[in-house]
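To start, the structure itself, in structure tokens.
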Amino acid sequence: MTSSAAPVRVPQGERTRAMRARLMEATVELLVERGFSGTSTTLVSERAGVSRGAQLHHFPTKNDLVVAAVEHITEARGSELATAARALPKGRNRTRAVLKMLGDHFTSPVFTAALELWVAARTDEALLRAVAPLELRVGRETHRLTVELLGADESREGVRELIQATLDLVRGLGLANTITNDARRRGRILDQWAITLDRALQEAVA
């Protein structure tokens, strides 16, 4: 005599969270592949394997979906940086490793998706209201993490500006990479900036 175990029933809350996660991942993928204008709620639901009815219940409009994706991307960017930071070496080559970490972050799919939202938010007030405060939060956290990883003392004259210049440089290189693969040139620039940054930080302390 055989007996079959009753199927395990997944709680509704967990099913909803899993569905929302699939929708967020699909939205980010489509933003990278097709841009903001080419991303639609229909394509997102198809990519996520979620029925249109279920998707519209949680996100009735494209902006509702994209605003949720903004928050998702913000969390993903923070997690991505934190994970990379834990793997950094100590010692002589640390500055170059920090710059590589930042360079990888600003050329990642998550950054590309965020960039699509920046561009769209320029002419969409509702989207701008969602993007601006979250982007400010990401900027502050990235600055704080960079200061910590480089062991920089921002009480010293010019150090805060050096850190901000570093982030502006790496972000700009990330923007250039969206047009064409710029890895070799980016590597040479970051090699030189690591030398310049180390020297400038040491002089600031001295």
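The values are calculated or read from the model by the stated rules, or taken from the named source; none is laboratory data. These numbers come from a predicted model, not from an experiment. All Cβ positions, glycine included, derive from the backbone under ideal geometry; neighbour counts span all protein chains shown.
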- So which residues in segment 84-115 are modelled with pLDDT of 90 or more and among the small types (Gly, Ala, Ser), if there are any at all? Ala97, Gly103
- Reported set for segment 33-58 where residues are within 21 Å of the chain's Cα centre (by Cα) and crowded, with 18+ Cβ neighbours inside 10 Å is Phe36, Thr39, Val44, Ala48
- Message: Scan segment 195-203 and tell me whether some residue there is surrounded by fewer than 19 Cβ atoms within 10 Å (Cβ to Cβ), assigned to a helix (DSSP H, G or I), in contact (Cβ under 8 Å) with a residue 60 or more places away in the chain and among the aliphatic types (A, V, I, L, M).
- Response: no
- Message: I'd like to know if segment 146-159 contains one or more residues that are assigned to a helix (DSSP H, G or I), within 18 Å of Val98 (Cβ to Cβ) and under 16 Å from the mean Cα position of the chain (by Cα).
- Response: yes
- Item | Residues (over 15 Å from His105 (Cβ atoms) and in contact (Cβ under 8 Å) with a residue 40 or more places away in the chain) located in segment 162-181 | Leu162
- Message: Please go through (1) crowded, with 16+ Cβ neighbours inside 10 Å; (2) in a loop (DSSP other than H, G, I, E, B); (3) of a type in the set (Lys, Arg) for Arg96 and return the number of the only condition it doesn't satisfy.
- Response: (2)
- Item | Test: residue in segment 175-182 that is outside any helix (DSSP H, G or I) and of a type in the set (Asp, Glu) | yes
- Query: Taking segment 103-140 as the region of interest, how many residues are surrounded by fewer than 19 Cβ atoms within 10 Å (Cβ to Cβ), over 18 Å from Gly174 (Cα atoms), under 17 Å from the mean Cα position of the chain (by Cα) and touching a residue at least 12 places away in the same chain (Cβ under 8 Å)?
  - Reply: 2
